[in-house]
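**Student:** Sharing a structure here in C-alpha coordinates format.
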Amino acid sequence: MTNRIGLYPGSFDPITNGHIDIIKRSLRVVDKLVIGIAVNVGKTGLFSLKEREKLVLSDIKNLGLEEFVEVRSFEGLLVNYAKKIDAKIIVRGLRAVTDFEYEFQMTGMNSRLDSSIETVFLMASENQQFISSRLVKEIFTFGGDISSFVSSNVLKEMQIQKLNNK
Ligand code: ADP
(Lines give C-alpha, C1' and ligand atoms only; values in the text may rest on other atoms or scores of the structure.)
Protein backbone atom coordinates (compact mmCIF):
# COMPACT_ATOMS: atom_id res chain seq x y z
CA MET A 1 0.00 0.00 0.00
CA THR A 2 1.38 3.41 -0.89
CA ASN A 3 1.25 6.34 1.41
CA ARG A 4 2.27 9.39 -0.49
CA ILE A 5 2.86 12.32 1.81
CA GLY A 6 2.68 15.78 0.29
CA LEU A 7 3.83 19.01 1.87
CA TYR A 8 1.97 22.22 1.04
CA PRO A 9 4.07 25.10 2.37
CA GLY A 10 3.15 28.75 2.59
CA SER A 11 2.44 31.70 4.84
CA PHE A 12 -1.35 31.23 4.97
CA ASP A 13 -1.76 34.72 6.42
CA PRO A 14 -4.68 34.10 6.30
CA ILE A 15 -5.84 30.91 4.58
CA THR A 16 -8.03 31.79 1.57
CA ASN A 17 -10.46 29.91 -0.66
CA GLY A 18 -7.60 29.73 -3.18
CA HIS A 19 -5.54 27.70 -0.70
CA ILE A 20 -8.53 25.52 0.13
CA ASP A 21 -9.05 24.73 -3.54
CA ILE A 22 -5.41 23.61 -3.85
CA ILE A 23 -5.68 21.55 -0.63
CA LYS A 24 -8.77 19.67 -1.84
CA ARG A 25 -7.38 19.04 -5.31
CA SER A 26 -3.97 17.93 -4.03
CA LEU A 27 -5.68 15.05 -2.24
CA ARG A 28 -6.17 13.51 -5.68
CA VAL A 29 -2.40 13.36 -5.99
CA VAL A 30 -1.25 12.53 -2.44
CA ASP A 31 -2.68 10.26 0.26
CA LYS A 32 -1.86 12.61 3.08
CA LEU A 33 -1.17 16.31 2.99
CA VAL A 34 0.81 18.23 5.56
CA ILE A 35 0.14 21.94 5.47
CA GLY A 36 3.42 23.54 6.51
CA ILE A 37 2.93 27.03 7.83
CA ALA A 38 6.16 28.89 7.47
CA VAL A 39 7.55 31.06 10.22
CA ASN A 40 7.82 34.40 8.46
CA VAL A 41 11.43 35.48 8.45
CA GLY A 42 11.61 39.22 8.87
CA LYS A 43 7.95 39.64 7.93
CA THR A 44 5.30 40.75 10.34
CA GLY A 45 2.05 39.34 9.14
CA LEU A 46 -1.53 39.99 10.07
CA PHE A 47 -1.84 36.85 12.19
CA SER A 48 0.74 35.20 14.43
CA LEU A 49 1.95 31.72 13.61
CA LYS A 50 -0.33 30.20 16.27
CA GLU A 51 -3.33 32.13 14.96
CA ARG A 52 -2.62 31.13 11.35
CA GLU A 53 -2.33 27.52 12.45
CA LYS A 54 -5.63 27.71 14.33
CA LEU A 55 -7.45 29.23 11.35
CA VAL A 56 -6.11 26.63 8.90
CA LEU A 57 -7.05 23.84 11.29
CA SER A 58 -10.59 25.11 11.77
CA ASP A 59 -11.11 25.39 8.00
CA ILE A 60 -9.80 21.84 7.55
CA LYS A 61 -12.14 20.55 10.25
CA ASN A 62 -15.11 22.37 8.77
CA LEU A 63 -14.35 20.70 5.46
CA GLY A 64 -14.16 17.30 7.18
CA LEU A 65 -10.65 16.76 5.88
CA GLU A 66 -8.79 16.22 9.16
CA GLU A 67 -8.37 12.53 8.39
CA PHE A 68 -6.17 13.36 5.39
CA VAL A 69 -4.70 16.74 6.23
CA GLU A 70 -2.35 17.71 9.03
CA VAL A 71 -1.46 21.24 10.01
CA ARG A 72 2.06 21.96 11.21
CA SER A 73 4.45 24.87 11.31
CA PHE A 74 8.09 24.85 10.30
CA GLU A 75 11.16 27.00 10.29
CA GLY A 76 14.24 26.78 8.12
CA LEU A 77 14.84 25.07 4.80
CA LEU A 78 11.79 23.60 3.13
CA VAL A 79 13.60 20.53 1.80
CA ASN A 80 14.90 19.71 5.28
CA TYR A 81 11.41 19.87 6.67
CA ALA A 82 10.04 17.74 3.80
CA LYS A 83 12.68 15.11 4.55
CA LYS A 84 11.89 15.21 8.27
CA ILE A 85 8.22 14.40 7.70
CA ASP A 86 9.00 11.95 4.89
CA ALA A 87 7.23 14.00 2.20
CA LYS A 88 8.47 13.25 -1.30
CA ILE A 89 6.14 15.75 -2.92
CA ILE A 90 5.94 19.48 -2.40
CA VAL A 91 2.62 20.94 -3.55
CA ARG A 92 2.39 24.52 -4.78
CA GLY A 93 -0.39 26.45 -6.46
CA LEU A 94 0.23 28.48 -9.59
CA ARG A 95 -1.69 31.62 -10.32
CA ALA A 96 -1.12 33.69 -13.47
CA VAL A 97 2.35 34.42 -14.81
CA THR A 98 3.44 36.41 -11.76
CA ASP A 99 3.90 33.27 -9.64
CA PHE A 100 5.91 31.52 -12.30
CA GLU A 101 9.29 33.21 -12.06
CA TYR A 102 9.56 32.81 -8.30
CA GLU A 103 8.25 29.25 -8.27
CA PHE A 104 10.55 28.30 -11.14
CA GLN A 105 13.60 29.50 -9.21
CA MET A 106 12.49 27.94 -5.93
CA THR A 107 11.84 24.56 -7.54
CA GLY A 108 15.22 24.66 -9.24
CA MET A 109 17.02 25.49 -6.03
CA ASN A 110 15.09 22.93 -4.01
CA SER A 111 15.84 20.15 -6.48
CA ARG A 112 19.54 21.07 -6.32
CA LEU A 113 19.35 20.83 -2.55
CA ASP A 114 17.49 17.51 -2.60
CA SER A 115 16.79 15.80 -5.91
CA SER A 116 14.61 13.10 -4.34
CA ILE A 117 11.80 15.56 -3.69
CA GLU A 118 9.45 16.55 -6.52
CA THR A 119 7.50 19.80 -6.63
CA VAL A 120 4.05 19.42 -8.13
CA PHE A 121 2.11 22.47 -9.31
CA LEU A 122 -1.63 22.72 -9.45
CA MET A 123 -3.04 25.50 -11.61
CA ALA A 124 -5.32 27.85 -9.74
CA SER A 125 -8.96 27.20 -10.56
CA GLU A 126 -10.49 29.77 -12.87
CA ASN A 127 -12.66 31.39 -10.20
CA GLN A 128 -9.92 31.47 -7.54
CA GLN A 129 -6.91 32.65 -9.44
CA PHE A 130 -7.07 36.29 -8.43
CA ILE A 131 -7.25 35.53 -4.72
CA SER A 132 -4.15 36.19 -2.67
CA SER A 133 -3.74 36.64 1.09
CA ARG A 134 -2.12 40.02 0.47
CA LEU A 135 -5.02 41.37 -1.60
CA VAL A 136 -7.60 39.95 0.79
CA LYS A 137 -5.91 41.89 3.62
CA GLU A 138 -5.74 45.08 1.55
CA ILE A 139 -9.37 44.91 0.48
CA PHE A 140 -10.46 44.21 4.04
CA THR A 141 -8.44 47.15 5.40
CA PHE A 142 -10.30 49.47 3.05
CA GLY A 143 -13.69 48.05 3.99
CA GLY A 144 -14.27 45.88 0.92
CA ASP A 145 -16.30 42.68 0.95
CA ILE A 146 -14.00 39.65 1.22
CA SER A 147 -16.67 37.09 2.09
CA SER A 148 -16.25 35.20 -1.19
CA PHE A 149 -12.47 34.93 -0.74
CA VAL A 150 -12.15 33.47 2.78
CA SER A 151 -14.18 31.21 5.07
CA SER A 152 -16.69 32.75 7.47
CA ASN A 153 -14.41 31.75 10.34
CA VAL A 154 -11.44 33.65 8.88
CA LEU A 155 -13.66 36.63 8.17
CA LYS A 156 -14.87 36.64 11.77
CA GLU A 157 -11.32 36.53 13.15
CA MET A 158 -10.28 39.38 10.85
CA GLN A 159 -13.20 41.46 12.07
CA ILE A 160 -12.29 40.74 15.71
CA GLN A 161 -8.70 41.73 15.05
CA LYS A 162 -9.76 44.96 13.37
CA LEU A 163 -11.91 45.87 16.36
CA ASN A 164 -9.09 45.07 18.79
CA ASN A 165 -6.66 47.24 16.84
CA LYS A 166 -8.90 50.28 16.85
P1 ADP B 1 3.74 32.39 -0.07
O2 ADP B 1 3.93 33.40 1.00
O3 ADP B 1 4.86 31.39 -0.21
O4 ADP B 1 3.27 32.95 -1.39
P5 ADP B 1 1.05 31.70 0.35
O6 ADP B 1 0.41 31.37 1.64
O7 ADP B 1 0.71 33.01 -0.25
O8 ADP B 1 2.58 31.52 0.48
O9 ADP B 1 0.70 30.58 -0.70
C10 ADP B 1 1.09 29.25 -0.54
C11 ADP B 1 0.91 28.53 -1.86
O12 ADP B 1 -0.45 28.62 -2.25
C13 ADP B 1 1.71 29.11 -3.02
O14 ADP B 1 2.12 28.03 -3.83
C15 ADP B 1 0.73 29.96 -3.75
O16 ADP B 1 1.06 30.07 -5.11
C17 ADP B 1 -0.53 29.13 -3.56
N18 ADP B 1 -1.73 29.95 -3.68
C19 ADP B 1 -2.09 31.03 -2.95
N20 ADP B 1 -3.27 31.54 -3.37
C21 ADP B 1 -3.67 30.74 -4.41
C22 ADP B 1 -4.81 30.73 -5.30
N23 ADP B 1 -5.75 31.66 -5.22
N24 ADP B 1 -4.88 29.77 -6.22
C25 ADP B 1 -3.90 28.83 -6.32
N26 ADP B 1 -2.80 28.79 -5.55
C27 ADP B 1 -2.68 29.72 -4.59
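**Student:** Check the stretch 40-51 and report whether any residue there is in contact with a Lys or Arg (Cβ under 8 Å, 6 or more places away or on another chain) and at pLDDT 95 or above. Step through it out loud before you land on a result.
**Tutor:** Residues of the stretch 40-51 that are in contact with a Lys or Arg (Cβ under 8 Å, 6 or more places away or on another chain), as a first pass: 45-46.
Next cut, at pLDDT 95 or above only: none.
No, there is no match, as no residue in the stretch 40-51 is in contact with a Lys or Arg (Cβ under 8 Å, 6 or more places away or on another chain) and at pLDDT 95 or above.
**Student:** Based on what the data block shows, is residue 97 surrounded by fewer than 13 Cβ atoms within 10 Å (Cβ to Cβ) and of a type in the set (A, V, I, L, M, F, W, C)?
**Tutor:** For residue 97, the condition - surrounded by fewer than 13 Cβ atoms within 10 Å (Cβ to Cβ) and of a type in the set (A, V, I, L, M, F, W, C) - is met.
**Student:** Among the candidates 142, 149, 100, single out the residue that is within 27 Å of residue 5 (Cβ to Cβ) and either over 17 Å from the mean Cα position of the chain (by Cα) or not β-branched (Val, Ile, Thr) (or both).
**Tutor:** Result of the check over 142, 149, 100: 100.
**Student:** May I pose another question? Would you check which residues across the stretch 31-48 are within 15 Å of the ligand (Cβ to nearest atom) and surrounded by 15 or more Cβ atoms within 10 Å (Cβ to Cβ) and list them?
**Tutor:** 33, 34, 35, 36, 37, 38, 45, 46, 47 - these are the residues of the stretch 31-48 that are within 15 Å of the ligand (Cβ to nearest atom) and surrounded by 15 or more Cβ atoms within 10 Å (Cβ to Cβ).
**Student:** On the basis of being closer than 21 Å to residue 157 by Cβ, of a type outside the set (A, V, I, L, M) and either surrounded by 14 or more Cβ atoms within 10 Å (Cβ to Cβ) or over 16 Å from the mean Cα position of the chain (by Cα) (or both), does residue 51 make the cut?
**Tutor:** Numbers: closer than 21 Å to residue 157 by Cβ: yes; of a type outside the set (A, V, I, L, M): yes; either surrounded by 14 or more Cβ atoms within 10 Å (Cβ to Cβ) or over 16 Å from the mean Cα position of the chain (by Cα) (or both): yes.
In short, yes.
**Student:** Which pairs have Cβ atoms under 9 Å, sit 6 or more apart or on different chains, and link a residue in the stretch 1-19 that is in contact (Cβ under 8 Å) with a residue 60 or more places away in the chain and part of a helix (DSSP H, G or I) to one that is among the small types (Gly, Ala, Ser) and near the ligand (Cβ under 6 Å from one of its atoms)?
**Tutor:** 18/93; 18/124; 18/132; 18/133; 19/10; 19/93; 19/133
**Student:** If residue 81 satisfies every condition in (1) aromatic (Phe, Trp, Tyr); (2) farther than 24 Å from residue 2 by Cβ; (3) surrounded by 14 or more Cβ atoms within 10 Å (Cβ to Cβ) but one, which is the exception?
**Tutor:** Status for residue 81: all satisfied but (2).
**Student:** While we're looking at this one, here's another question. Look through 160, 117, 139 and report the one residue that is touching a Ser or Thr at 6+ places or on another chain (Cβ under 8 Å) and β-branched (Val, Ile, Thr).
**Tutor:** Within the list 160, 117, 139, the selection yields 117.
**Student:** From (1) of a type in the set (Ser, Thr, Tyr); (2) within 23 Å of residue 153 (Cβ to Cβ); (3) more than 12 Å from the ligand (Cβ to nearest atom), pick out the condition that doesn't hold for residue 8.
**Tutor:** All conditions are met except number (3).
**Student:** Determine which member of the set 128, 105, 161 is modelled with pLDDT under 95, of a type outside the set (Ser, Thr, Tyr) and touching a helix residue (DSSP H, G or I) at 6+ places or on another chain (Cβ under 8 Å).
**Tutor:** Going through 128, 105, 161 in turn, just one is modelled with pLDDT under 95, of a type outside the set (Ser, Thr, Tyr) and touching a helix residue (DSSP H, G or I) at 6+ places or on another chain (Cβ under 8 Å): 128.
**Student:** Could you grab me the full set of residues in the stretch 29-52 that are touching a Ser or Thr at 6+ places or on another chain (Cβ under 6 Å) and assigned to a helix (DSSP H, G or I)?
**Tutor:** Result: 49, single match.
The values are calculated or read from the model by the stated rules, or taken from the named source; none is laboratory data. Since the model is a prediction, treat every value here as computed from it, not as a measurement. Note: ideal-geometry Cβ built from the backbone for every residue, glycine included; neighbour counts use all protein chains shown.
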